[in-house]
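Colleague: Quick one: structure below, then a few questions.
Every number in this text was worked out from the coordinates using simple rules, so none of it is lab data. On a predicted model such as this, the values are computed, not experimentally measured, just so you know. Here the Cβ positions follow ideal geometry from the backbone for every residue, glycine too, while neighbour counts run over all protein chains shown.
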Amino acid sequence: MMLEQHAVVLKVQDHRAWVEARESGTCGSCGTGGCSTRRLADLFGSRQRAFPVNNSLQASVGERVIIGIPAGALWKSAASLYGLPLLLMLAGALSGQHWLGDAGAAGGLLAGLGIALGVHKFWPVSSAMQPVMLRREHAFELQSVPE
């Protein structure tokens, strides 16, 4: 299963396309005040969310596409970006506290953070966790109608 998001192609370089995720507007509760997600997004600013994807559809600038990521990729990314550093910092602080007291705890925490940063810098990101271009937004798949 893939999580899908509407996006617009901002620029194309070689075999990569830089896309910006756009709101799909499928919920319909933004205008009725049913959910405060839109108000929170407005509060923190509308930062551009552009990122590169493999341009497998040969999309051109301005074209609207659907991008997707595997459903489990968000959990794996969150665990990698937040969980691993937290665990390494905690382990470093506890071992430093055990061996050298408070100063050792601070040093161990920083050492754990440094190890986590090194792991993220040199560990290759799995291609299974990368977003992919699924289809053009206007492209609809024909489905058989049950009789």
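Colleague: How much length is gained on full extension from residue 100 to residue 60, taking 0.36 nm per residue of separation minus their Cα-Cα distance?
Modeller: Values: separation 40, 0.36 × 40 = 14.40 nm, distance 5.89 nm.
Result: 8.5 nm gained on full extension.
Colleague: For labels at residue 77 and residue 12 in the simple 7 Å Cα→Cβ model, what's the distance in nm?
Modeller: Placing both labels 7 Å along Cα→Cβ, they lie 2.4 nm apart.
Colleague: Full extension from residue 138 to residue 120: what is 0.36 nm times the residue separation minus their Cα-Cα distance, to one decimal in nm?
Modeller: Working: separation 18, 0.36 × 18 = 6.48 nm, distance 3.72 nm.
Full extension from residue 138 to residue 120 adds 2.8 nm.
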